[in-house]
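The values are calculated or read from the model by the stated rules, or taken from the named source; none is laboratory data. Owing to the predicted nature of the structure, the values given are computational and were not obtained by experimental measurement. Because the Cβ atoms are built from the backbone with ideal geometry, glycine has one as well, and the counts that use them run over all protein chains shown.
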Amino acid sequence: METGVILALIVIAAVTAFLGSIVAAARAERRRVREEEKDWEDIVAEAGYLYDRTQNIFYTALGAWQRNFGYSRLYDEAAAPMSLIIDCEPIYFSYKGKNWLIELWKGQYGMCTGCEVGVYNTESEKLYYFDGFNYTLYNCASDEDHLEMSLALIKNGKTLFTRKDRHWWLTGFILGEFSEPSELVMDLTIRMKDPGMLRAFTESLRELGYTDENMRVSGDLVGIWFSTPRSEQPYTRTELISRLSQMKNKYLCDKYREMTVGTRDMDEAIAAVRQKAPELYEAIIKEIGRPARLFTETKLMPN
C-alpha cells in the first residue's frame, strides 16, 4: 500500500476518533443538563420511592423496581457495610403450601431514619441453610398476597410518622434525621388472611420470644411492638462497623441540616443542597431508603 494512502487512512481514523469524542462529550453534556433539569421527585420515583409532603417522609412505591429482586438474609448481611445500621426481625412461617417471610426493620439508613415491613414468600420447598443461616431467596408478595398493614415509628416516646396501606413493602424514611436503632420503636399492625395464617404467624412470633406484653391479637389483626429484636442480628453488624458507619451517617445528617437551615419545604431544601453541595445531593438521590447497590451488588443463590 502506498505511503500516501496509509497517511490518508491514519488521518481519517484520527478525525473519526476526534469527532466521535466530541459527539460523546456532547451527549454526556446533554444527559447532565437533562438530569439537572429533572425534578427531584421524578429522580426519587425512578429509585422506587415517593414523597409524602404532609409528613415530610419518603416511602416505597407499590410498583417499585425492587419488587423484582425478592429478599434474602444476604441483603441483611450487606446492609451494615453500606452504612445501613438497622435492627432486623425476620419472621418465618409456613402457610397454604408456601414458605413465608415477614420481616421488620428500623434504624438508620445512611442519611435517613426509617422503618420497613416486607412481605415475601416462595412455593419452593428447598430452603438453603448453612450453620443455621437461612439464605433462601424469597419472592416479593404477589398482588393477591399483599397484606393490610399500618405502622407508627416512635423515637424516644415521640411519634415521627405513621403509614398505612395494603402492600408488600410498607416503609417510611425521614431525610436528615439521625437515630440509633435502640432509640426507635415500631408499633405495627398486620391483618392476616384467615385464622390459619394468623395461627402460623403468631406461633412464629412466640417462638422468637414475643409475649402478650409486646404482641396483641384482635380478630384477624396482629399487633407488634418492635423495640429490641429477638432474632440474631447480621454477622456484619459488628460494633466497629456500626460505630464507623454511624459517625459517617451523623456527619452527613448534620451537613444536610446545616445546608437547609431556613428552607421552608423539601423543594427548597433539595435546591439548596443541590446548589451548595452537589456531592451531597448525589448521595441523597442515590441513598434514600435502601440504595440500589444493595440489590444489584448482592449475589444471591437462585430459588
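Listed residues Leu300, Leu205, Leu221; which is modelled with pLDDT of 95 or more and in contact with a Ser or Thr (Cβ under 8 Å, 6 or more places away or on another chain)? Before you say what the answer is, go through the steps one by one.
Details: Leu300 fails: modelled with pLDDT of 95 or more; Leu205 fails: in contact with a Ser or Thr (Cβ under 8 Å, 6 or more places away or on another chain).
Leu221 is the lone residue from the list that is modelled with pLDDT of 95 or more and in contact with a Ser or Thr (Cβ under 8 Å, 6 or more places away or on another chain).
Does Ser245 satisfy the criteria of being under 19 Å from the mean Cα position of the chain (by Cα), among the polar types (S, T, N, Q) and within 27 Å of Gly157 (Cβ to Cβ)?
Working: under 19 Å from the mean Cα position of the chain (by Cα): yes; among the polar types (S, T, N, Q): yes; within 27 Å of Gly157 (Cβ to Cβ): yes.
Spelling it out, Ser245 is indeed under 19 Å from the mean Cα position of the chain (by Cα), among the polar types (S, T, N, Q) and within 27 Å of Gly157 (Cβ to Cβ).
Going by the structure shown, is Arg166 over 22 Å from the mean Cα position of the chain (by Cα), more than 19 Å from Cys112 (Cα to Cα) and either surrounded by 14 or more Cβ atoms within 10 Å (Cβ to Cβ) or not hydroxyl-bearing (Ser, Thr, Tyr) (or both)? Can you show your working first?
Working: over 22 Å from the mean Cα position of the chain (by Cα): no; more than 19 Å from Cys112 (Cα to Cα): yes; either surrounded by 14 or more Cβ atoms within 10 Å (Cβ to Cβ) or not hydroxyl-bearing (Ser, Thr, Tyr) (or both): yes.
In short, no.
Only residues in the range 202-221 that are at positive phi count as the first member; pair them with residues that are at pLDDT 95 or above, Cβ under 8 angstrom, at least 6 apart or cross-chain, and list the lot.
Every condition considered, the pairs that remain are Gly209/Arg230.
Could you check, for the range 235-242, whether at least one of its residues is among the charged types (D, E, K, R), modelled with pLDDT of 95 or more and closer than 28 Å to Gly97 by Cα? Lay out the reasoning, then the answer.
First pass over the range 235-242, keeping only residues among the charged types (D, E, K, R): 237, 239.
If we keep only those that are modelled with pLDDT of 95 or more as well, we get 237, 239.
When the remaining residues are screened for being closer than 28 Å to Gly97 by Cα, the result is none.
Checked the range 235-242: no residue is among the charged types (D, E, K, R), modelled with pLDDT of 95 or more and closer than 28 Å to Gly97 by Cα.
Among the residues in the range 182-199, are any surrounded by 18 or more Cβ atoms within 10 Å (Cβ to Cβ), at pLDDT 95 or above, more than 25 Å from the chain's Cα centre (by Cα) and not charged (D, E, K, R)?
Scanning the range 182-199, I find at least one residue that is surrounded by 18 or more Cβ atoms within 10 Å (Cβ to Cβ), at pLDDT 95 or above, more than 25 Å from the chain's Cα centre (by Cα) and not charged (D, E, K, R), so the answer is yes.
Regarding Glu239, is this residue closer than 15 Å to Pro181 by Cβ and out of contact with any helix residue (DSSP H, G or I) (no Cβ under 9 Å at 6 or more places or on another chain)? Even if it seems obvious, please write down each step before you answer.
Details: closer than 15 Å to Pro181 by Cβ: yes; out of contact with any helix residue (DSSP H, G or I) (no Cβ under 9 Å at 6 or more places or on another chain): yes.
Criteria met by Glu239.
Restricting the range 250-267 to residues that are in a loop (DSSP other than H, G, I, E, B) and out of contact with any helix residue (DSSP H, G or I) (no Cβ under 7 Å at 6 or more places or on another chain), which is surrounded by the most Cβ atoms within 10 Å (Cβ to Cβ)?
Pass one, the range 250-267, residues in a loop (DSSP other than H, G, I, E, B): 260-265.
Now restrict to residues that are out of contact with any helix residue (DSSP H, G or I) (no Cβ under 7 Å at 6 or more places or on another chain): 261-262, 264-265.
Values: Val261: 8, Gly262: 7, Arg264: 8, Asp265: 10.
My answer is Asp265.
Please go through the range 71-106 and give me each residue that is at positive phi and among the basic types (Lys, Arg), ordered by number. Even if it seems obvious, please write down each step before you answer.
Step one: filter the range 71-106 for residues at positive phi, giving 83, 96-97.
Hit for the range 71-106 is Lys96, nothing else.
Give the residue, chosen from Thr162, Thr202, Thr171, that is of a type in the set (Val, Ile, Thr), under 26 Å from Ser142 (Cα atoms) and in a helix (DSSP H, G or I). Please lay out each step first, then the result.
Details: Thr162 fails: in a helix (DSSP H, G or I); Thr171 fails: in a helix (DSSP H, G or I).
That would be Thr202, the only listed residue that is of a type in the set (Val, Ile, Thr), under 26 Å from Ser142 (Cα atoms) and in a helix (DSSP H, G or I).
Looking at the range 99-134, which of the residues that are in contact with a strand residue (DSSP E or B) (Cβ under 8 Å, 6 or more places away or on another chain) and modelled with pLDDT under 90 is farthest from Phe58 (Cα to Cα)?
Step by step, filter the range 99-134, then rank; the result is Glu125.
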